[in-house]
Amino acid sequence: MQFLSDAECEYIRNGAKDGIRSDGRAMLDIRPVTLETTVLPTASGSARVRIGKVTDILVGIKPEVAEPSQDFPDEGIISFTVECSSLASPDFVGRGGADLSAELGQLLTRLYTSPVTRELRRSLSIIKGKKCWILHIDALVLDSGGNLFGALSLAVRAALRVVILPRVIVIPGEADDDDEIEVDEEEFKMLERSRDAPIAVTLASQGDRGIYMADCTSEEESCATASITMGVSPLGKSCGAVSAGTGGIDLDTLSSMLKDAAQLGLEILDATDRFLKTDIDNRMSGAPIVPIGFFS
Amino acid sequence: MGAITYGPLVRIDGEGAKTKERDVREDGRRWDELRPIYMRVGMLSTATGSGYFEGGGTKIFCAVHGPRPSASNYTIDGTMHCDVRWAQFSGREGAAGRQGDSMSEEERELSSSLQRTLASAVRLENYPKCRIDVSAFVLEDGGGGFAAVTTAASLALADAGVEMTDIMAGSTVAVIGKQLVVDPSAREEAIADGTVRVGFASQRAKVTDLMQNGEVDLEQFREAIKVCCTASAQVCGLMKECLVKKAKKWLKKRGRSEM
Amino acid sequence: MAPPPKRGRGGGARGLEYISLDGLRVDGRLHTEVRKIRCSLGTLSRADGSAYYEQGNTRVLAAVYGPREPTGRDFEHDKAIVKCEFSTAMFASTARRRTWKGDRKSTAAAIVVQRLFEGVILLAEYPRCQIDIYVQVLQNDGGTLVAAVNAACLALINAGVAMSDYVVACSVGYVDNTFVADPNSLESGSDRPELTLAITPHSGKICSCQLVSKLADDASFESAMQYATAGAKQIFQVLEYEVKKYSLGLLDSRGMVAL
Amino acid sequence: MSKRPSGMELAKQPGTIILPGERMANIGDSADAGQAVIRIGSGVTQKSSELLASKAGYMRYEASRNKLWVESNQKRYVPALEDPIIGIVQDRFGEEYRLDINGSDTATLSMLAFQGATKKNRPNLGAGALVYCRVVRASKNMEAEVSCIEPGSTKSWSGGETLYGELQGGTVVQVSLGMARKLLREDRVLKMVGNVPFQSAVGVNGRIWIEAGNCEHTMLLSLALQKADVMRADEWQEFVKQLWSQSKK
Amino acid sequence: MKEKVISLCEKNFTIDCIKANCRVDGRRISEARKASISLGPNWGFAEVRYDRTHAVASTTVEAITPTPDRGSEGSISISVELSPTASEPAARASLFRNTGSFIETRNCIESFVRDSRSVDTEALCVLAGVKVWSVRVDVHIINDDGNCMDACMLAVMASLMHARRPDVTVTGKEVRIHAMDEREPVPLPVHHVPLSATFGLFGGGRPFDPDTVVLDPVKTEELASNGSVSFAFNSQGEVCGVYKGGGLPLHIRSFEVCSKLAATHAVGLTAILKAALADASAEHPLSTVRPMLVDAEPVAMLAKKESEREKLAAPTSTWNATPVLDTAPPDIDAMETITRARAVPKNDLIDGVFEHENEDDQNEDMKDVGPEEENKMIVEKLIRSDSESSTEGLEAAIVPKKQRKERKTRRR
């Protein structure tokens, strides 16, 4: 958290009352987002998301064959590990980032355990109750300039969209239990159902009735009194929501916040899906992709 | 010692013109009915303040210690530390297999969630260099455990005489199909498509904590929040009654029947 | 869509020819040649100085915070202290391995970087200050310590911290009875000697030196040092060019070049 | 057992080795009129009419002042009033220096506690500077306070002739406290250390500063002093003799 | 954790002394303190003293079931502990002992011993996948008066050399471990003995200031120095590891000088270790096994004194997992002159101070020459001094007290 003086907070609040933000955006505008996929050769799927050149998140996915959990024998497992690199802030040194990491991880887990992604998880199953894919999704926060939830969920979704899994051949054994699998390292497939994956939208309120903003910078975040983070599925459903901050929000504001969050989420999903489609098409056709990476 | 029992049923409102047959739940409640509630304050002698909440199969103890001097670094405002734990026998998944003192991820998350909710009402600026410890222990979880923790903690804080701007209660609504189910039991929670949990400050009419799990339609979500708020407001009423009852008893003991 | 480049360790890399008949290494380099280096300064927004550094497939980000007021009590009243943290991303190498910031290897690397820069930064310029160096390995293909040192040096330059000289590191491996500059993960194994050397290129002095496993005698140690020094000088040329380019860019953006 | 006029009956001869808990003396009937005041020093505790030792060491008795104490050879210094000590400046806080005095806690030295120092004209000590000073306040509950002002002297610190003040050059040797006190008491030891001229300052906190003009001599002196703590007297004398005979001058 | 306080006077004095080539304890800059080793009575227990620096090490060997990925390899682990008795800051921070320099020492020792493969882990295998030996060395720094690194390294190696494991019989898939008193215990497969030499670095810190390196710094020197560099060599002259964490940037020439010095130092230490081992095995009540002796291959420059050292060196034995009983018994005549290396009395410093006094005239002109020539000179002197003084020093450490007195008087 950045430390802001009262005067600075007042400035941001007063601006918000007039619908103006310090970087010239309107209340529900989001900053320019840079999205890049398949950035890590060591991961099966990866994505890097930067918001306004200040928030920077790198996500890598590594699949592994494992046994499914007993409660959901026909589903694969998606496990999240979020790490806040000390690059982002000296506060994250040692175990300093553990709390934030846990919070971010929990949000992702909440988003990806909702029924919205059930089909995605089912598509990871190999042999019911015996073998499934476990996707280790490792996220690294390199730079934090506000809206971590949004950036993180976007990066995870993009990485899931481009992740490729080796084809698995099930060799039937003599008995039912003896089925063996063989991983074919030559042929790969993508995860079709990853289009179901949700993203998170955070709206923050500065304590004034009916006034809230999307995609906050870290300054705006530190003077927000309450915020709502909501997972939005491509069908516009809410799939996990949490609140933060101690200010409290009145009912009417909350209600309209949820509506706007859902709408904003759909817009972001639409825009990223269009980008990802061309991105994937380009990669499939072998068209040259200009890396924007760290040299943009 | 103040205790209040309400039962068997607390109605939320009477406006629903639903047919009786469809409305009946497993335990005989209507969709919009709370379970019977039993509340009590000040039953733990060692704590500064304590609260007990029982509703349906959910039983929760909450103790408040402090405000006491903060041992660690200096802070301008007071700090609040919350600790929510499920008993190993509480019937909640994950709690049973726990080893040692370490908190599970979920408990940690709920602790910080509780801290947020309570901090919105407690006037921490009046307790510089102090810390207040709130520890809640869920004996049995028959659904809606965390919402009840908010209620019990709020009671305990009030009992401890900590300055607060409001009294908070929590409540849960589950979405099963198209139906909103108030104060779901553990079984109902398990089969629900999604649940919505709200922490509600009754005086200011503000939502201090919001948590949604699973999948919920936007409209349902907004409706659910409203229902939660109404239910919480009712629980708040009961809490007040319970606290007043205790205060009266206390005054009587000292020979002052009226304030 | 093309599969990601696969690089197995080829069955323990026993039967592998490290150097082909025409004297080229597995990745086509000459034995004195370092991998391709790319770097950029000022990559992160919040850090006082930051740099991205890429040496072949090893990619590293470094950030410098400071000179700033000390966070702990262990400051010095006549000079600055340097703190360093080294962490590796979980997806850094092909095998997913849970690494902690505080594991043994990371701490060892962090101490090397810390000690190294303690000797080079003009600490007396910043009394009662703390300079934090954080290194994050994004991808590991051998030589992470080398990359960490070089990246940290760039980040310190970016932060404008006073140093007596650049620091450039380079490692030397030993395969098929030949020294190879800047070995990648395939060429460096735990059972083969590896020398990591950091020099100050202008004065040609040795800041830091680690040799693991054993070399036949003094003479081969000296020749390994020569390989490393030569490698470091190659790297230094790239770094110097980048720093000059970056500085020129800064001046240009301030309209000072035209004047 | 000799009956002393002090109203105290010593249980042991002064100079004998005494262990903690041993009875050192009996205080006579306090009803006796005209009794002298008994002063008890470090390592002595009173239990009703008995004086018991609380440290291991030599029992010492000074008849002229009727003072009884245990002389032990501890290494850690406990500040006592008027002790001359050598401190190392660790830090400065506002108008005070904080000194490491080889004790359990640091000591403070006011920046004006130098002879003739004024707000404008006062020594400026950096971290690590050595200061010869005396203890002016010692209490077990508070940080000790030291001063560089010598009572009765009129010299100014800037003249460089004061007894207390910053020590420059040379080196410091850490010896046991008993040794330091001995050196302070009988300067014959210091005389025996070497046959070269040298300056020294003895702090009862176990630090001895020596300066012999050139570093080889200083080194030899410091070696001799360090060894003095662990060798028998005759062994040590032999050692010192050898030390200097083998030296070039 | 804050290090011990050192006043500016002490620091300057230390540096001045080094400039004048006489150190705070009277040694010359390329002279190490005398190491003394005492071993036993338990197998694998070694106690090393570098004057006031004191370290103990003990080795325990245990038969374990190996992990599946390394079924045919034993394991060796080294743990270094800074005992709270070692120094004041160590005691103050006994709960929080992961200080920078301490971790450095620990990592460094581990790297020197393990990465140089001084113990053959494959030879620690009893039966692949079933039983392997797990060797654990615990080193405790009891008193820290500078240069813990070398003391610990020597302690580790001494302990490993002295340690024994129980004998085993393998029949088919069954492993039977014989109790120590049932069958003669077996030494560990130590391939070679890396021993380290640590140098304190002094210099102005400006790029073109000459470097001064000081072998085996004491605590005061450590505190006044600007970093250190450690070299590990075995007696065959192989480099087994180098560690310079940072600190003063060193000229490459100084580096070479140091490495030469370290190589000779290792030979000297090996001889001491060897003598101690021979002594200990001779004394060990249970031992009928001949001592495992280090084969001190002379490095080229020591060839001159070959004949003299041969007298000290016990006959070569081959290194393998089981004791070789059929090789010739040790040279009894040579053994008799060797006594316990431990017996270094407190005032042996006199030897330290004056042993090289006669050479000082030769060193007189040192101060005036430039750094490079100086380095050259050091090397030359080293070669010379090694042939003369280091063997003499060695002798001093192992000659019985009575003889020493004679020597002393003789010298006078």
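A few remarks follow.
Okay, residues lined up against (1) of a type in the set (Ser, Thr, Tyr); (2) surrounded by fewer than 24 Cβ atoms within 10 Å (Cβ to Cβ); (3) touching a Pro at 6+ places or on another chain (Cβ under 8 Å); (4) within 14 Å of chain B (Cβ to nearest Cβ):
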{"residue": "A:181", "(1), (2), (3), (4)": "no, yes, no, no"}
{"residue": "A:204", "(1), (2), (3), (4)": "no, no, no, yes"}
{"residue": "A:219", "(1), (2), (3), (4)": "no, yes, no, no"}
{"residue": "A:253", "(1), (2), (3), (4)": "yes, yes, no, yes"}
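- The lone criterion from (1) within 7 Å of chain A (Cβ to nearest Cβ); (2) of a type in the set (Gly, Ala, Ser); (3) surrounded by fewer than 20 Cβ atoms within 10 Å (Cβ to Cβ) left unmet by residue B:247 is number (1).
For (1) modelled with pLDDT under 90; (2) over 30 Å from residue A:286 (Cβ atoms); (3) under 21 Å from the mean Cα position of the chain (by Cα), each residue gets a yes or a no:
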position	(1), (2), (3)
A:40	yes, no, yes
A:43	yes, no, yes
A:47	no, no, yes
A:54	yes, yes, yes
A:58	no, no, yes
A:62	no, no, yes
A:65	yes, no, no
A:68	yes, yes, no
A:73	yes, yes, no
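- Residue count, the range C:27-67 (criterion: part of a strand (DSSP E or B) and either within 7 Å of another protein chain (Cβ to nearest Cβ) or of a type outside the set (A, V, I, L, M) (or both)): 16
- Answer residue from the range D:202-211, given it is within 11 Å of chain E (Cβ to nearest Cβ) and of a type outside the set (Phe, Trp, Tyr) and is farthest from the chain's Cα centre (by Cα) among those: D:211
- Annotation: residue E:193 fulfils all but one of (1) in contact with a Ser or Thr (Cβ under 9 Å, 6 or more places away or on another chain); (2) away from chain C (no Cβ under 14 Å); the unmet one is (2).
- Residues of the range B:180-208 that are in a helix (DSSP H, G or I) and hydrophobic (A, V, I, L, M, F, W, C): B:186, B:190, B:191.
- Any hit, the range B:58-78, residues being part of a strand (DSSP E or B) and either modelled with pLDDT under 80 or of a type in the set (Gly, Ala, Ser) (or both): yes
- Matching entry among E:5, E:61 (being at pLDDT below 80, touching a strand residue (DSSP E or B) at 6+ places or on another chain (Cβ under 8 Å) and either over 17 Å from residue D:223 (Cβ atoms) or among the hydroxyl-bearing types (Ser, Thr, Tyr) (or both)): E:5
- For the range E:146-171, a residue qualifies if it is closer than 14 Å to residue E:183 by Cβ and either surrounded by fewer than 24 Cβ atoms within 10 Å (Cβ to Cβ) or touching a Cys at 6+ places or on another chain (Cβ under 6 Å) (or both), and the qualifying residues are E:164, E:166, E:167, E:168, E:169, E:170.
- Here the strands (runs of 3 or more DSSP E) wholly within the range C:164-226 that include at least 3 residues being within 11 Å of chain E (Cβ to nearest Cβ) are C:194-200, C:205-212.
- All positions within the range B:121-137 that are of a type in the set (Ser, Thr, Tyr) and in a strand (DSSP E or B): B:135
Residue-wise test of (1) modelled with pLDDT of 85 or more; (2) crowded, with 16+ Cβ neighbours inside 10 Å; (3) outside the structural domain of residue D:180 (by TED's automatic domain parsing); (4) within 18 Å of the chain's Cα centre (by Cα).
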| residue | (1), (2), (3), (4) |
| --- | --- |
| D:89 | yes, yes, yes, no |
| D:93 | no, no, yes, no |
| D:99 | yes, yes, yes, yes |
| D:104 | no, no, yes, yes |
| D:107 | yes, yes, yes, yes |
| D:113 | yes, yes, yes, no |
| D:118 | no, no, yes, no |
| D:126 | no, no, yes, no |
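- Condition broken by residue A:68, with the remaining ones in (1) crowded, with 23+ Cβ neighbours inside 10 Å; (2) within 22 Å of residue A:117 (Cβ to Cβ); (3) out of contact with any Leu (no Cβ under 8 Å at 6 or more places or on another chain); (4) facing another protein chain (nearest Cβ under 10 Å) satisfied: (4)
- Screening the candidates C:208, C:203 for the property of being under 20 Å from the mean Cα position of the chain (by Cα) and at pLDDT below 85 yields one hit, C:203.
- Of the criteria (1) without any contact (Cβ under 8 Å) to a residue 60 or more places away in the chain; (2) within 11 Å of chain A (Cβ to nearest Cβ), which one residue B:252 fails: (2)
- Only one of the listed residues (A:137, A:127) is of a type in the set (Val, Ile, Thr), free of Cβ contacts under 8 Å to residues at least 60 places away in the same chain and surrounded by 18 or more Cβ atoms within 10 Å (Cβ to Cβ). That residue is A:127.
- The conditions of being closer than 30 Å to residue D:127 by Cα and either at pLDDT 80 or above or surrounded by fewer than 17 Cβ atoms within 10 Å (Cβ to Cβ) (or both) are not met by residue D:46.
- Lone unmet requirement of (1) modelled with pLDDT under 80; (2) away from chain D (no Cβ under 14 Å) for residue E:42: (1)
- The set of residues from the range C:55-93 being buried (at least 24 other Cβ atoms within 10 Å of the Cβ) and among the acidic types (Asp, Glu) comprises just one member, C:85.
- Flag if residue C:65 is farther than 16 Å from residue A:57 by Cα and under 14 Å from the mean Cα position of the chain (by Cα): no
- Considering each residue of the range C:94-112 in turn, at least one proves to be over 26 Å from residue E:201 (Cα atoms), polar (S, T, N, Q), surrounded by fewer than 22 Cβ atoms within 10 Å (Cβ to Cβ) and out of contact with any Phe, Trp or Tyr (no Cβ under 9 Å at 6 or more places or on another chain).
- Qualifying residue in the range D:222-232 (condition: part of a strand (DSSP E or B) and touching a Leu at 6+ places or on another chain (Cβ under 9 Å)): no
- Residue ID - nearest to the other protein chains (Cβ to nearest Cβ), chosen from residues in the range A:108-124 that are in a helix (DSSP H, G or I) and surrounded by fewer than 20 Cβ atoms within 10 Å (Cβ to Cβ): A:115
- Residue list for the range A:255-281, restricted to those being aliphatic (A, V, I, L, M) and within 7 Å of chain B (Cβ to nearest Cβ): A:258, A:262
- If you go through the range A:157-179 and keep only what is part of a helix (DSSP H, G or I) and within 13 Å of chain C (Cβ to nearest Cβ), you end up with A:159, A:161, A:162.
- Leading residue by the ranking (surrounded by the fewest Cβ atoms within 10 Å (Cβ to Cβ)) among those in the range B:111-166 that are within 13 Å of chain A (Cβ to nearest Cβ) and among the aliphatic types (A, V, I, L, M): B:164
- Sole exception among (1) in a loop (DSSP other than H, G, I, E, B); (2) basic (Lys, Arg); (3) away from chain E (no Cβ under 14 Å) for residue D:75, by number: (3)
The values are calculated or read from the model by the stated rules, or taken from the named source; none is laboratory data. Since the model is a prediction, treat every value here as computed from it, not as a measurement. Positions of Cβ are backbone-derived with ideal geometry, glycine not excepted, and every protein chain shown enters the neighbour counts.
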